[in-house]
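Structure record follows, encoded as structure tokens.
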Amino acid sequence: MHFKKLGAVFAVLVSALAIAACGGSDESSSEEAASGPATGEMTIWARDAQKVFMGKLVEAYNKTHEAQAKLSIIPSAQFVQKFGTAAASGTAPDVASIDLVFLPYFASQGALEDISDLANGLTYKDALSPAHRRLAIYEGKTYALPFTAEASVLYYNKDLFRRAGLNPNKPPTSYAEIVEYAKKIRALGNDTYGFAFAGACGGCNVFEFTPHIWASGGDVLSEDGMRATLDSPEVTDALEFYREMFEAGVMPPGVKTDSGSQQAPSFSSDKLGMTPLGAFAVSTFEEAKINFGVAPLPGKDGGTASFAGGDEIAIPIGSKNKAAAREFVEWSTSEEAQAVLAGEGIVPVRTDLVDKLYGSKSPEYKVLGDAMKIGKTPYSVVENAIFNDNNGPWIKMINQAVFTGNIEEAQRTGQSAAQALIDQGT
Amino acid sequence: MTRHMPAAGAAQTATGATPAPPAAARRPPRRRRLTLRGRRQAVGALMAAPAVLLITVFFLVPLGLTFYMSLNQWSLLGAHTWIGLENYTRAFSDQGFRDAFMFTLEYTAVITPILFLIGLGLALLVRRPRRGARFFQSVYFLPVVIGFAASSFLWLYLAQPSVGPLFDIFKALGLADENTNWFANKGSALLVVVASITWKIVGMQMLLLLAGLQSIPVEVEEAARIDGAGRWQTFRYITLPLLRPTLALVLVFSVAGSLLAFDQFFIMTNGGPNNTTITAVYEIYRVSFVQFQLGYGAALSVLLMVVLAAVSAVQLMLLRNTDHN
């Protein structure tokens, strides 16, 4: 008896809640609202590394708009898991800033709203970073807008260049030159090293090592992302290039196990000649008062390339205030918003604005801005498993090739493991 | 984070729940006296209810869900499809999981005796109420209250090439040079992890063994000594057999904890060098949250659970059987 009564009360409560929830979502997601200014509240998810500039951006938006955004910061390492859980349980945010390499996966799983109409309606749509635009498209539809950019370049220490008898205004432009310069800098002293990379970090090396391959005319995946090309000759050349430097002893011993945390600190210690990193490191080195220069990452015999990193901004399925979300997403690519980002040292995603907002600040920023324009990104729904996984086939191949020297075998196993992941994931 | 002791809470709640008798089966409701008994049973069931509820919500339901997921192709995002036992057949031919499983066994085989012997040694040291015994009990136990992640980061720093204090000490002693990198070699990387884990949890084992030692009546050992037994003989033929129930408990905890090792390798070695230090749970994490294949990850979890249950059962049986002889 008691239980029956309780059950009835419970049932009434549940249905009341359900009705309330339906009513709520009906009101706020009405598409007509898109014509006028959006209203109400929306939640935005970003990662902890974006905290400072996202805070300023949301502040700027809230000042000039009727709709109000609320920012939630999610730890970087848990973002994908948290987002997945939230999407599955219907508690996804209204707007999410997502690392662009994940876009094909998120889109392929139906987690994002199709915003093709919004993307195609932008007057400046062709000026947005081409790599970002490519990653946001899945099966012909657009699921996100480019948001922030990041580019990989070669940082070099001008003081060490001078001491080693090198011209600090002439950074290396080929593999051979990097090797030669690294050896000269290593010769300066016991604890001075020529070159460093993060030998146990998959994500670092897709960002910093693939540009060498691209600049030499090679690639790591086929255009459609269905075939791995880790066994191509351009990859061999790039691996041999790193191997040569490791064997010559120009790299510090820590590179073997560096999962990405030591690269910037070693360069900040003023005892490292060259290291590949992104725009995010500029402020660190400026603070450490390092006299550094920035150069494009070269190919084997010249040419340059860069990894296009950064974020895209998307509306997850289940967003409760789509009108406001659409307004925010569109606004975040505007000159006003991109200027806020550039002010915080973030590379803009607008090729028509990058020189004005960002490249004009210093020669280093100019190089980074130019690198953004030519940036590339591998397209694959299993990008994370192949490249970013610190135990994945990509970093395993590099680690084995550079530190043991068995390049042929490393490439063979890397290629077959990467291809297996692609075949499984699609 | 304290993955070495997860069985403790579960075991306690489980024993808490067992007194609930099958009430319906023995209730002949004719006589008044038995009604009283029935009432007492109802009260008993009521008192056990919170524990049953907790187990259901936090153990049985997730367990059922895990098993259901393991029968599906279940991506982190998006829809899932039923594939029956395909995940399980895949697991048996998965070289990555097999390697991870073998490494887990290797790690367990290395660390279990080390923890046990040092734990027992420390327990014997601080057993008698000598001066300072309490102080040293606390000192040995202190690292236990630190989180696994925190202690792993601490040791990662201590053993870091070029910057870690431990590295500096070894360098000063001439046991390392500037090119030494302990994490670049499987053997030395494992050694650093084993050292950190020993430091971290040997105090717990000491405490459990100490409780076991103190439950042995002093008279028994005295009697043995009066009969002319030496120190070693007393230990071998009196202390050790009487300690058996505690030994079983400690070994089951220790082995279960080691088979579930994750944080220490995730943080300190990153699974390297060359993926040689990836444990079973680490592999499950990678499958689920790096490759986004939750269904397959669930299947691997179920397999690991079966192995864990089997190992614990065998251990308990071995130790219990000899106890009855």
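Assorted remarks:
- Of A:347, A:329, A:367, A:340, all but one fail to be modelled with pLDDT of 90 or more, out of contact with any strand residue (DSSP E or B) (no Cβ under 8 Å at 6 or more places or on another chain) and of a type in the set (Val, Ile, Thr); the exception is A:340.
- The lone exception for residue B:275 - which of (1) in contact (Cβ under 8 Å) with a residue 60 or more places away in the chain; (2) under 23 Å from residue B:307 (Cα atoms); (3) within 14 Å of another protein chain (Cβ to nearest Cβ); (4) part of a helix (DSSP H, G or I) it fails: (4)
- Taken together, A:357, A:353, A:368 contain a single residue that is closer than 19 Å to residue A:130 by Cβ, more than 19 Å from the chain's Cα centre (by Cα) and touching a residue at least 60 places away in the same chain (Cβ under 8 Å), which is A:353.
- Counting only helices (runs of 4 or more DSSP H) that sit completely within region B:83-183, those holding 1 or more residues that are within 14 Å of chain A (Cβ to nearest Cβ) and under 27 Å from the mean Cα position of the chain (by Cα) correspond to B:86-92, B:95-125, B:148-158.
- Boolean, residue A:400 is closer than 22 Å to residue A:221 by Cβ and either away from every other protein chain (no Cβ under 14 Å) or in contact (Cβ under 8 Å) with a residue 40 or more places away in the chain (or both): no
- Subset of region A:326-352 that is of a type in the set (S, T, N, Q) and crowded, with 17+ Cβ neighbours inside 10 Å - its residue that is nearest to residue A:373 (Cα to Cα): A:351
- The residues of region B:57-82 that are assigned to a helix (DSSP H, G or I) and not small (Gly, Ala, Ser), listed by number, are B:57, B:58, B:59, B:60, B:61, B:62, B:63, B:65, B:66, B:67, B:68, B:69.
- Entry remark, region A:228-263: residues being within 14 Å of another protein chain (Cβ to nearest Cβ) and not polar (S, T, N, Q) number 13 in total.
- Matching option when the condition is on the phi < 0 side of the Ramachandran plot, part of a helix (DSSP H, G or I), without any contact (Cβ under 8 Å) to a residue 60 or more places away in the chain and among the hydroxyl-bearing types (Ser, Thr, Tyr), among B:282, B:237: B:237
- Only one entry of A:420, A:410 meets the criterion of being within 12 Å of chain B (Cβ to nearest Cβ), of a type in the set (A, V, I, L, M, F, W, C) and surrounded by fewer than 19 Cβ atoms within 10 Å (Cβ to Cβ), and that entry is A:420.
- Inter-residue pairs, beta-carbon under 6 Å, first buried (at least 18 other Cβ atoms within 10 Å of the Cβ) and in region A:167-178, second in a loop (DSSP other than H, G, I, E, B) and charged (D, E, K, R), 6+ apart: A:175/A:300
- Which listed residue is within 14 Å of chain A (Cβ to nearest Cβ), at pLDDT 90 or above and part of a helix (DSSP H, G or I), from B:255, B:202, B:192: B:192
- Taking region A:186-202 as the range and being within 12 Å of residue B:178 (Cβ to Cβ), within 10 Å of chain B (Cβ to nearest Cβ) and in contact (Cβ under 8 Å) with a residue 40 or more places away in the chain as the test, only A:191 passes.
- Matching residues, region A:371-426, being among the small types (Gly, Ala, Ser) and closer than 14 Å to residue A:209 by Cα: A:375, A:401
- Region A:92-148 - residue that is part of a helix (DSSP H, G or I) and among the basic types (Lys, Arg) and, of those, farthest from the other protein chains (Cβ to nearest Cβ): A:125
- Qualifying position, being hydroxyl-bearing (Ser, Thr, Tyr) and either surrounded by 24 or more Cβ atoms within 10 Å (Cβ to Cβ) or touching a strand residue (DSSP E or B) at 6+ places or on another chain (Cβ under 8 Å) (or both), among B:276, B:246, B:269: B:269
The values are calculated or read from the model by the stated rules, or taken from the named source; none is laboratory data. Keep in mind it's a predicted model, so treat the numbers as computed, not measured. Ideal geometry is used to build each Cβ from the backbone, glycine not excepted, and the neighbour counts take in all protein chains shown.
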